[in-house]
1. Could you tell me whether residue 121 is part of a helix (DSSP H, G or I), modelled with pLDDT under 95 and crowded, with 17+ Cβ neighbours inside 10 Å?
2. I'd like the full set of residues that are within 15 Å of the chain's Cα centre (by Cα), more than 17 Å from residue 118 (Cβ to Cβ) and not in a loop (DSSP other than H, G, I, E, B), limited to segment 41-66.
3. Of (1) at pLDDT 95 or above; (2) assigned to a loop (DSSP other than H, G, I, E, B); (3) more than 21 Å from residue 98 (Cβ to Cβ), residue 170 satisfies all except one. Which?
4. Please go through segment 182-195 and pick out each residue that is more than 15 Å from residue 99 (Cα to Cα) and loosely packed, with under 15 Cβ neighbours inside 10 Å.
5. Return the residues of segment 166-181 that are touching a helix residue (DSSP H, G or I) at 6+ places or on another chain (Cβ under 8 Å) and crowded, with 18+ Cβ neighbours inside 10 Å; say none if nothing qualifies.
6. Taking segment 14-38 as the search range and keeping residues that are surrounded by fewer than 11 Cβ atoms within 10 Å (Cβ to Cβ) and part of a helix (DSSP H, G or I), which one is modelled with the lowest pLDDT?
7. Can you pull out the residues in segment 196-232 that are loosely packed, with under 11 Cβ neighbours inside 10 Å and free of Cβ contacts under 8 Å to residues at least 24 places away in the same chain?
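The values are calculated or read from the model by the stated rules, or taken from the named source; none is laboratory data. None of the values given here were measured: they were computed from a predicted structure. Cβ placement follows ideal geometry from the backbone for every residue including glycine, while neighbour counts extend to all protein chains displayed.
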């Protein structure tokens, strides 16, 4: 009997446990994987909805890097047919307000990534063991919660990305906010992006000029691992 109890306790703490539509992993992190459970959560709190960004910002441009190989891993981490991306309702509405402001300045938003299933972060952690750039699986990331977005700006007249000093997912100090070894134009463009995003409630990520997130101060938003197709 004691041996059976020991085996049960070890399995509880070492392996994922499914409780009422949630998975609790070895870090005691709650992960939402069940679509029906997610829908039930929306009845209780509509602000938990993951909103497809083009439904709010029709002219937003998607360049979803992890659906192809043009990313730092060189691998497809999302299904190849991934064409949509999401944020929770409040940050999605804030991004719409930011997009409207950018438009008055002659820019529109290009998105590299937003909501990211937790299973992809698990893959990231195996490749990049540096928490300055990749969130650890013990806590999950803002992207896993539908709160973070990786973006840049496009000049509406030319259709080209504006100069930012580095490309996306450039893991060196040149990509940090406040980097000095970039052009005056790139510094000014980063400042435009930063000021508008902060004005609309987002927070910057110090080591990545492209990464902004919505606060989760009340821990309202759980980590999600629902595939894109099911959300659509």
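1. yes
2. If the condition is that a residue be within 15 Å of the chain's Cα centre (by Cα), more than 17 Å from residue 118 (Cβ to Cβ) and not in a loop (DSSP other than H, G, I, E, B), then 51, 52, 53, 62, 65 are the ones that fit.
3. Result: residue 170 passes all but (1).
4. Passing the criteria: 183, 184, 185, 188, 191.
5. Once the filter is applied, which keeps residues that are touching a helix residue (DSSP H, G or I) at 6+ places or on another chain (Cβ under 8 Å) and crowded, with 18+ Cβ neighbours inside 10 Å, segment 166-181 yields 166, 168, 169.
6. 14
7. Answer for segment 196-232, where residues must be loosely packed, with under 11 Cβ neighbours inside 10 Å and free of Cβ contacts under 8 Å to residues at least 24 places away in the same chain: 217, 218, 219.
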